[in-house]
1. Defining a contact as two alpha carbons under 8 Å apart and six or more residues distant in sequence, what relative contact order in percent does region 332-397 show?
2. Based on the Kirkwood radius over alpha-carbon pairs, what is the Stokes-Einstein translational diffusion coefficient of region 421-491 at 4 °C with 1.567 mPa s viscosity, in µm²/s?
3. Would you kindly derive the ³J(HN,Hα) couplings of region 325-337 from the backbone phi angles with the Karplus curve 6.51 cos²θ - 1.76 cosθ + 1.60 (θ = phi - 60°), listing them in order in whole Hz, with x for Gly and Pro?
4. Report the paramagnetic label zone for Met355: residues of region 61-78 whose backbone N is under 15 Å from a point 7 Å from Cα along the Cα-to-Cβ axis.
5. Counting C-alpha atoms alone, how compact is region 271-425: give Rg to one decimal and Dmax as a whole number, in angstrom.
6. Return the distance in nm (one decimal) between the two label points of a simple spin-label model at Glu341 and Asp152, each offset 7 Å from Cα along Cα→Cβ.
7. Could you work out the relative contact order of region 349-468, using alpha carbon pairs under 8 angstrom and six or more residues apart, expressed as a whole percent?
8. If R0 is 45 Å, what FRET efficiency do you get for Glu451 and Ser90 from their C-beta distance, rounded to 0.05?
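The values are calculated or read from the model by the stated rules, or taken from the named source; none is laboratory data. Since this is a predicted model, take the numbers as computed values, not measurements. Cβ coordinates were reconstructed from backbone atoms using ideal geometry, including for glycine residues, and neighbour counts include every protein chain displayed. When the accessible area is computed, the model is the full protein with side chains, heavy atoms only, and any ligands, DNA or RNA have been set aside. Shrake-Rupley method; radii C 1.70, N 1.55, O 1.52, S 1.80 Å.
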Amino acid sequence: EETIEAPIIIIGSGYGGAVSALRLCEAGKKVILLEMGLHWEKAGIPYSNLLKPGKSSAWLKKKTIAPFMNIFSLTPFTGTLDRLEFDNISIWVGRGVGGGSLVNGGMAVTPKESYFREVFPDLDSEKFYNHYFPLVREELKVNVIDEQFLKDCPYYKFTRVGEEEAHKAGFKTIRVPNVYDFKYMEKEYRNEVPRSALNTEVIYGNNYGKNSLDKTYLKKALETGNLEILDLHKADHIQLNDDKSYTVTTQHINTSGQVLAHKTFHCKKLILSAGTMGTLQLLLKSNTINNLPIDEKVGKNWGNNGNFMTGRNWVRPLSGGTGSKQSTIPVGGIDNWEDPEHAFFTEIAPLPMGMDVATALYLLINRVDKKGEVTFDKTNQALQLNWNESHTAKMKENAKYFVRKMNNANGGTRSHFLFNNGFGADICYHPLGGCVLGEATDAFGKLKGHENLYVLDGSLIPGTIGVNPFVTITAIAEYCIEHLINQNEFT
Ligand code: FAD
């Protein structure tokens, strides 16, 4: 067993970890980043698509774990997508160098300023809308689809139909920016380059076109020469030492998940960016097994960002449905946020099944009226989530209202093809909170009661942000790390 010394360790290479790595490395700091998933680009293994799931499609599972149609068997491999099961909710997360950016839909949405102010009353919203949000949109390479291409491309029939139907039902639609390079997509449509979004690649990774974090923040951080990324290194627990430094116990695994070595890292400064569930797992487990001090607010104020899936069958069956060819990259949304009775935003989501199923899929994002709580169950040595039907009751009401209004105006039925009763209350892509900024941490992400431990990821956001969250996670991380560096926390 070896102990590796490092001044600064970051655990996790998603949005929070990638921002922290870049800004620290630019400031001349040496950083080691531990990531449990694979460095796919370095490994040179291609990602698989939805229709032929292979190595990248699931984290050490024998069967695929997409939200629908899991008919495919697998040889367990350290794939990009994982699903965490709790009593009333399943949570999907990304694994690999780049975290969730490898598997997500790339929707890069800036929250509504009024809601941002409501969620973060203590933050200077003007500074965020004038500086941090524009900054991260540039770093993340956010762009917008060309309207003419959208109109002409058969792969966006689902969006055109979705928008027409929404208008007919009296809803307002918006164009949704994305990190997928739409100029690349136009070229793939013309068959000038290999296809990716138009070849059903997304939740198991994109081989081309998508500006995931390995192509943006992490690439820049590596170019400084100050960053070392250790992939397939899973942090198991952390320990606070008498001199206020930290010891991180990790398992180095191979791509079949077998442990190759137990490695111990020792650092003065530790940043947890393991994603909402990963960071909570590390904090709560370390507290349980070796008394890592944690604030009583850790685990509290957790939410699913109002995620609620629903769908409609028999969508224009006589006029070609939603299309047999579908791009995996969503570009349309329905904005009903200002409706005081039924406030929601929904993505007009693709359902690229390789055939026309005349089905429309929607991922609603609602307010979270009732927050959940994450704890650690000693007996099972696993996270536990206090979350049940009462937490999603209002979300279901909104989904019912939405589907009813759409069907009344356009025809169609509740989707029994996708969900048991037409609703997917238990599908969560956006776990947020549990280590909330200014509650479990100070104003810049330092964990209360600690001098050298920071949390920088989705767990800082109190369970809701009203839109897809990665732009906000990135902006909050930029804000925190800038202040921490300026306060000389890392000298
Ligand atoms: P993550 O991106 O989750 O990164 C955490 C990293 O830490 C992971 O790589 C993980 O492997 C690693 N890690 C965890 N535990 C350990 C450990 N113990 N040791 C070492 N490493 C560890 N958001 C949007 O804004 N737009 C979208 O279109 C969108 N679509 C989505 C689609 C899907 C299918 C999913 C699953 C999510 C989607 N999201 C989307 C959500 C978004 O991807 C997440 O909110 C975001 O990635 C969270 O960022 P993060 O920095 O908190 O952590």
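1. 22 percent
2. 98 µm²/s
3. 9, 9, 5, 7, 9, x, 10, x, x, 10, 10, 10, 5
4. Only 69-71 fall inside the zone, counting backbone N under 15 Å.
5. Considering region 271-425 through its Cα atoms, Rg and Dmax are 19.4, 63 Å.
6. Reported label-point gap for Glu341 and Asp152 is 4.3 nm.
7. For region 349-468, the relative contact order is 20 percent.
8. 0.75
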